[in-house]
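Novice: Structure incoming, see below.
What follows is calculated from the coordinates using simple rules that are stated; it is not laboratory data. Model, not experiment: these values are computed from the prediction. Every residue, glycine among them, receives a Cβ derived from its backbone with ideal geometry; neighbour counts consider all protein chains shown.
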Amino acid sequence: MTDFREPELLDDHHDISQFDCGKPQLNDWLQREALRAQRSGTARTYVWADEGRVVAYFAVCPTRIGRDELTSGQAGGVSVVPAYLLAKLALDGTLQGKGYGADLLADAMTTILYAADSAGGRIVVVDAIDDSAAAFYASKGFKLVRGNPCRLVAKIESVRKAAGEVDPSKRPGGLPVVGAWIVAVRAEQPSRPLWALLDDPLRLALAQGWIMHRAEQDSEVARRDRVDLAHALTPVDASHPLFVQMITDLHQFWRSVYAAVLHESGVWNKHNLVAPGMEMVFLTPPQYIGLLEAPQAIPSHCFITRYVESGSWLIAALARRLPVPGWPPSERELPGWESEPLA
């Protein structure tokens, strides 16, 4: 079994046919309605997948709840309270009874926190499918609303406080590493952070791309075994004689690509568009801040960052797609994210 506990946005490539949580209505919704809801924009479904086979899922969407169902503290003085609905949450039977339910709920709450950080919201709502589910949510701090024994709520503020106890991979963290990398790009001379702040697959793909390009004009590179050379150049502490040439070439290239933000700070915005533990960071050149003509596109640099087991965040991609090492290296789309050309 692979390490499946990394939520992914449900996509066509996921195998949902074998999912069975013991509740037919939850099975049917995943298999018949989840992708339709995703495409229509009414809900987002995230899954745990073991080699492509879905073994757990949750679905979230924005909603609202009337003040008459809430306490005064929950309502916060408004008559209609903006909220997020945890519409579905289910584990395959193979995972039940092993404590995974709490982990899946933590992933769902983290996803809602990201949405609340960007768009606001005061309450998380859940409609429990039965008494057992209601008891589960109650044990995690949810409170019953007035007049409905199956509906429970939690304040976003309470969820945020509880999230402090969640695995750090489930909290935002990609922005600082991109900022540090841009500082290294700005420097006149290449330095180790240019390489050390990138994750393993990205470093390997960059090394492979450099070898293929350089071999066309450099006999010293062309005569070497390219597979061995790529693996010798990839480590953070690489000591191969050609490493200095490679990092110098890459540094010059990156200074050209990011020229618009090398002398003035851009405006940063970060998003978790796929799942906890993987975050997108955008950098927009400062001259595009302010009023613009309606049709005018705003160029931006996109980075994908990833939480790694060492407890830190690294850059996984210098674009909207993840690198795939190979000869030549290629790219793949993030699940649920369709890339559009930047102006």
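Novice: Among Trp313, Trp254, Trp327, which comes first, second and so on when ranked by fewest other beta-carbon atoms within 10 Å?
Specialist: Numbers: Trp313 25, Trp254 19, Trp327 12.
Fewest-to-most ranking of Trp313, Trp254, Trp327: Trp327, Trp254, Trp313.
Novice: Set the Förster radius R0 to 30 Å, insert the Cβ-Cβ distance between Ala215 and Gln189 as r into 1/(1 + (r/R0)^6), and round the FRET efficiency to 0.05.
Specialist: Values: r = 25 Å, r/R0 = 0.84.
E between Ala215 and Gln189, to the nearest 0.05, is 0.75.
Novice: Additional query: Work from the charge dipole of the stretch 39-193 (Cβ charges, +1 for Lys and Arg, -1 for Asp and Glu, about the Cα centre) and give the residue of Leu91, Ala108, Val47 farthest towards its positive end.
Specialist: After comparing all options, I get Ala108.
Novice: Suppose R0 equals 56 Å. What FRET efficiency, 1/(1 + (r/R0)^6) with r the Cβ-Cβ distance, do Val78 and Glu333 give to the nearest 0.05?
Specialist: 0.90
Novice: While we're looking at this one, here's another question. Using 0.36 nm times the number of residues separating Arg321 and Lys140, minus their current alpha carbon distance, what extension gain do you get? All intermediate terms of the calculation are to be shown ahead of the outcome.
Specialist: Values: separation 181, 0.36 × 181 = 65.16 nm, distance 3.64 nm.
Value of the extension gain: 61.5 nm.
Novice: How much length would be gained if the chain were fully extended between Ala119 and Thr94, taking 0.36 nm per residue of separation minus their Cα-Cα distance, in nm to one decimal?
Specialist: Answer, rounded to one decimal: 5.4 nm.
Novice: What is the fewest-to-most order of Trp29, Trp181 by other Cβ atoms lying within 10 Å of their Cβ?
Specialist: Ascending Cβ contact count within 10 Å gives the list Trp29, Trp181.
Novice: If you place +1 on the Cβ of every Lys and Arg and -1 on the Cβ of every Asp and Glu, how big does the dipole about the Cα centre of the stretch 190-262 come out, in debye to the nearest 20?
Specialist: In debye, rounded to 20, the stretch 190-262 gives about 140.
Novice: Something else about it: Would you mind ranking Thr305, Thr71 by Cβ crowding within 10 Å, fewest neighbours first?
Specialist: With the fewest neighbours first, Thr305, Thr71 line up as Thr71, Thr305.
Novice: Full extension from Lys161 to Asp249: what is 0.36 nm times the residue separation minus their Cα-Cα distance, to one decimal in nm?
Specialist: Net length gain for the segment: 27.1 nm.
Novice: Count the lysine pairs in the stretch 79-210 whose Cα atoms sit under 15 Å apart, keeping only pairs 8 or more residues apart in sequence or on different chains.
Specialist: Lysine pair count for the stretch 79-210: 4.
Novice: Moving to a separate point now. Would you please give the FRET efficiency between Ala222 and Val308, computed as 1/(1 + (r/R0)^6) with r the Cβ-Cβ distance and R0 = 41 Å, to the nearest 0.05? Intermediate values should be presented prior to the final figure.
Specialist: Details: r = 34 Å, r/R0 = 0.82.
The value I calculate is 0.75.
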